[in-house]
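A short write-up of the structure that comes next.
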Amino acid sequence: MHPVFCYLCRMQHATGLKFELQHTAAGSAARAATIATGHGVIETPVFMPVGTAAAVKGIYHRDLAGEARASIILANTYHLYLRPGMDVLRQAGGVHKFSSWDGPMLTDSGGFQVFSLAGVRKLSEEGCRFSSHIDGSKHLFTPENVVDTQRIIGADIMMAFDECPPGDAPYDYAAKSLGLTHRWLERCFSQFAQTQPLYGHPQALFPIVQGCTYEDLRVRSAEFVQQFGAEGYAIGGLAVGEPAPVMYRMIEAVNAVLPQDKPRYLMGVGTPVNILEAIDRGVDMFDCVMPTRNGRNGMLFTAEGMINIRNEKWRNDFSPVDPDGEAFVDTQYSKAYLRHLAIAGEMTAAQIASLHNVAFYLRLVRMAREHILAGDFPQWKQMMVEKLTRKL
RNA sequence: GUGGCUGUAGUUCAGCUGGUUAGAACGUCGGAUUGUGGUUCCGAAGGUCGUGGGUUCGAACCCCAUCAGCCACC
């Protein structure tokens, strides 16, 4: 257990995560590190496949761990709260046992979902009232009950309940929203301090930096959240329509403030290039639906560029899906066969492409880690960025 | 042989009493997707309306002939 300073009681607390910085790259803010959790060690930089409903769509846990070598996956508080519901999660003994994923897990708080897909919602100081996208039933999320819910789900890392303002929010709204997110954060940590993990393994709570694309708000937010002495920090509200250079500038501004000795998690990002650029700027953790969602729709990421497997050009291409890939789907199946499956609407097309993409993302961050440790990350990144943006 | 029905996009079909550039779905081709409501979303190409005449200012539509398919009856 690793002691951290508690914002509420002004004392050192034993908590769940142990972050060890191994190497920082020369000429870059990139870092290689390890994060020890109650369910195993995560090597960073890391990509966390998104498993909204405690399932990474289309991929067996066996392949996630064995083929893609995922070390940590996400689940979502909003979705699990609505279905199957907390009574099931509690009876199952938490999400690890329920889903039979024995490695580290992280739950998003549902803040993003409430603002992106729930029906009519009403925001107040208290929290957010919304109606379920499944049956229209009405619910209230507050910082307190979202922490409670995440205690019941039992992921190793929980996320604070934040407001996600739209990407094009004007300054006044962004500033007002940020104030609310910060007040909610105090309540999240208060509830966190007053509650205990339910299943015998420790849980960490990450605050989320907001502030849209306004650098002064981002800096203010980073300064505010870091005083909680959290075990890790997230950057939210990016990759929501702003140009990539703006996103990179925000990351630089925030990471200049966040503590060096804690993991930094860029939420919801992104493309392979986005991830490399963010690693270069000192981000350690990522999640994104892109490898699975785009995979379901026939888009493959490879080290040589992007492939739309439905394109006619692959019709008679019997070469492997990705000769450089390490997952069994990469070499067992041909492009022509995968194209056929995708066009025929076969379920396996989505499965093969999802596994390929997730394996590719994880391999990319593993390679990034190796090059950070080897000391040539900036040069390698430069070479990769050029290749990754090609369309095959 | 006689009578009837049907021929419109690759496919299945709409298409009003004759009235602009003949539509849809599926298929084909291409694009999108960033803390997952995704078999999703967006776009494009594709037609000498079976063929040949005729009527009309104007025909997928009306008339004649003809070809093809299906049905019924001798």
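The values are calculated or read from the model by the stated rules, or taken from the named source; none is laboratory data. Just so it is clear, the model here is predicted, and its values are computed rather than measured. Counting neighbours? That spans all protein chains shown, and the Cβs are built from the backbone with ideal geometry, glycine included.
Before moving on, here are some points about what is shown:
- Residue in segment A:289-307 that is of a type in the set (D, E, K, R), outside any helix (DSSP H, G or I), modelled with pLDDT of 95 or more and under 16 Å from the mean Cα position of the chain (by Cα) present: no
To keep it simple, each residue is scored yes or no on (1) touching a helix residue (DSSP H, G or I) at 6+ places or on another chain (Cβ under 7 Å); (2) outside any loop (DSSP other than H, G, I, E, B); (3) of a type in the set (V, I, T).
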| site | (1), (2), (3) |
| --- | --- |
| A:I134 | yes, no, yes |
| A:L140 | no, yes, no |
| A:P165 | yes, no, no |
| A:S177 | no, yes, no |
| A:R183 | no, yes, no |
| A:E186 | no, yes, no |
| A:F192 | yes, yes, no |
| A:T195 | yes, no, yes |
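- When each of A:V240, A:V283, A:V273, A:V269 is tested for being within 14 Å of RNA strand B (Cβ to nearest atom), surrounded by fewer than 21 Cβ atoms within 10 Å (Cβ to Cβ), under 18 Å from the mean Cα position of the chain (by Cα) and not in a helix (DSSP H, G or I), the lone residue that passes is A:V240.
- When restricted to residues that are of a type in the set (S, T, Y) and either buried (at least 22 other Cβ atoms within 10 Å of the Cβ) or near RNA strand B (Cβ under 10 Å from one of its atoms) (or both), segment A:286-305 contains 1.
- Only a single criterion out of (1) on the phi > 0 side of the Ramachandran plot; (2) buried (at least 22 other Cβ atoms within 10 Å of the Cβ) is not satisfied by A:G200, namely (2).
- Meets criteria (of a type in the set (K, R), closer than 19 Å to A:L74 by Cβ and touching a residue at least 60 places away in the same chain (Cβ under 8 Å)) for A:R366: yes
- Tally, over segment A:160-197, of residues that are hydroxyl-bearing (S, T, Y) and either away from RNA strand B (no atom under 16 Å from the Cβ) or surrounded by fewer than 17 Cβ atoms within 10 Å (Cβ to Cβ) (or both): 4
- Taking (1) more than 24 Å from the chain's Cα centre (by Cα); (2) under 14 Å from A:L80 (Cβ atoms) in turn, A:L123 satisfies each apart from (2).
- Condition met for A:R62 (out of contact with any Gly (no Cβ under 8 Å at 6 or more places or on another chain), closer than 17 Å to A:L355 by Cβ and outside any loop (DSSP other than H, G, I, E, B)): yes
- Residues in segment A:65-87 that are of a type in the set (A, V, I, L, M, F, W, C) and not in a helix (DSSP H, G or I) were compared, and the one that is nearest to RNA strand B (Cβ to nearest atom) is A:L74.
- Qualifying residue in segment A:84-105 (condition: closer than 18 Å to A:I134 by Cα, of a type outside the set (G, A, S) and buried (at least 24 other Cβ atoms within 10 Å of the Cβ)): no
- Annotation: of all residues in segment A:91-146 being of a type in the set (S, T, N, Q), free of Cβ contacts under 8 Å to residues at least 40 places away in the same chain and under 25 Å from A:P197 (Cβ atoms), the one that is farthest from RNA strand B (Cβ to nearest atom) is A:Q91.
- Taking segment A:341-392 as the range and being farther than 18 Å from A:Y60 by Cα, surrounded by fewer than 21 Cβ atoms within 10 Å (Cβ to Cβ) and within 11 Å of RNA strand B (Cβ to nearest atom) as the test, the residues that pass are A:I343, A:A344, A:G345, A:T389, A:K391, A:L392.
- Cβ-Cβ under 6 Å pairs, at least 6 apart or on other chains, segment A:215-229 side of a type outside the set (S, T, N, Q), far side part of a loop (DSSP other than H, G, I, E, B) and at pLDDT below 95: A:F228/A:Y7; A:G229/A:Y7
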